Amino acid sequence: MKNLLSSVAISVLLATAAVAAEPVPAGLRDTAIELFKPLPSTIPSVKDNKITPEKIALGKALFFDPRISASGVFSCNSCHNVGTGGDDNLETSIGHGWQKGPRNSPTVFNAVFNVAQFWDGRAEDLKAQAKGPVQAGVEMANTPAAVTLTLKSMPDYVAWFKAAFPDEEDPVTFDNFARAIEAFEATLITPAPFDAFLNGDEDAMTVEAKQGLALFMDKGCASCHAGINVGGEGYYPFGLIEKPGADVLPENDKGRFAVTNTADDSYVFRAAPLRNIALTAPYFHSGKVWDLKQAVAVMGTAQLGEELQEEEVELIVAFLNSLTGKMPEISYPVLPAETADTPRPISIIPTSQ
């Protein structure tokens, strides 16, 4: 009997080991290509905004310039730090007067591929997105007129705008400010091992990452997180099967409902793009979950109605790690100097937005 029990125990151990070492499914790459797309090798085009080197250079300067904010403290890079995964690694961002914003800051990397911008999709593209934080009282607390006045007060900016928009008589406008930032942000693409795998390099991902990819597709994660940005292409209820607690899903933030005023859009958010997800904690629009494994487990119960096993979570995280890409090399720009006409920083929130 003792030998029989020992044999059974050994068989169980061998079976468990076999499950843990399950080979990569045949045709995995072919299946993945049907759901995902690799990043392009060139800068993507954007609607109604021809991208040129002059426009990119101007957009880069504007992206890093804190004088775009009323206080002279906050730049686009403050909340979308290109040195920390394209976000600020805070639950919610800090803005004008040290106010806390309502939602977690999404990454700027690969954002050009999202169907729309912000968690609720209220900005149709990066041009529209660039204008929002500038005018938000809780963020930069500035006005289009004040931004334009600031830029026109510095001769270098006037020259740079003329170079970027040569066919316009008065190129220093708030619209062109947004177009230039969009052009720069379109360059922020991070090719990852996953892209090499999709392009045919079978050795670009580890066995564990491939097993995680198989689980990611089999479990249904790719139903929402698919496409070129592994998400960012559609809107879905958070808590499709089981609503998370108020610590993860705040009751006072109904997501896309505020944009459409449609009851069906309550607690609906744009599916988060998952590229570089290992670098962008904390997670979800609330920014309340700091551990990627915990975030995957939450999605299992909330969206799939399934409590994922620890090994499954670890394999899915291994796949998500393969989405960490090569960051573009970005040198900090030398910005134009202020002049006597440059508006001075203010600490109060402007009454006219």
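The values are calculated or read from the model by the stated rules, or taken from the named source; none is laboratory data. It should be emphasised that the depicted structure is a prediction, and the values quoted were computed from it without experimental measurement. With ideal geometry, Cβ positions are generated from the backbone for all residues, glycine too; neighbour counts draw on all protein chains shown. Note: areas computed on protein heavy atoms with side chains; ligands, DNA, RNA excluded. Shrake-Rupley method; radii C 1.70, N 1.55, O 1.52, S 1.80 Å.
So the values come out like this:
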| item | result |
| --- | --- |
| Selected residue (criterion: farthest from ALA272 (Cα to Cα)) from residues of segment 210-249 that are buried (at least 17 other Cβ atoms within 10 Å of the Cβ) and without any contact (Cβ under 8 Å) to a residue 60 or more places away in the chain | PRO244 |
| Residue check for ALA70: over 21 Å from the mean Cα position of the chain (by Cα), open to solvent by 20 Å² or more (accessible area, probe 1.4 Å) and at negative phi | no |
| Some residue of segment 20-42 being part of a loop (DSSP other than H, G, I, E, B), in contact with a Ser or Thr (Cβ under 8 Å, 6 or more places away or on another chain) and either closer than 30 Å to LYS162 by Cα or modelled with pLDDT of 95 or more (or both) | yes |
| Meets criteria (of a type in the set (Phe, Trp, Tyr), open to solvent by less than 30 Å² (accessible area, probe 1.4 Å) and within 19 Å of ALA246 (Cβ to Cβ)) for TYR283 | yes |
| Condition check for ASN89: within 24 Å of TYR332 (Cα to Cα), polar (S, T, N, Q) and either open to solvent by 10 Å² or more (accessible area, probe 1.4 Å) or over 13 Å from the mean Cα position of the chain (by Cα) (or both) | yes |
| Test: residue in segment 261-271 that is assigned to a loop (DSSP other than H, G, I, E, B), hydrophobic (A, V, I, L, M, F, W, C) and open to solvent by 20 Å² or more (accessible area, probe 1.4 Å) | no |
| Any chance ALA159 is out of contact with any Cys (no Cβ under 8 Å at 6 or more places or on another chain), open to solvent by 40 Å² or more (accessible area, probe 1.4 Å), assigned to a helix (DSSP H, G or I) and over 23 Å from GLN129 (Cα atoms) | yes |
| Residues (assigned to a loop (DSSP other than H, G, I, E, B) and more than 9 Å from the chain's Cα centre (by Cα)) located in segment 108-117 | VAL115, ALA116 |
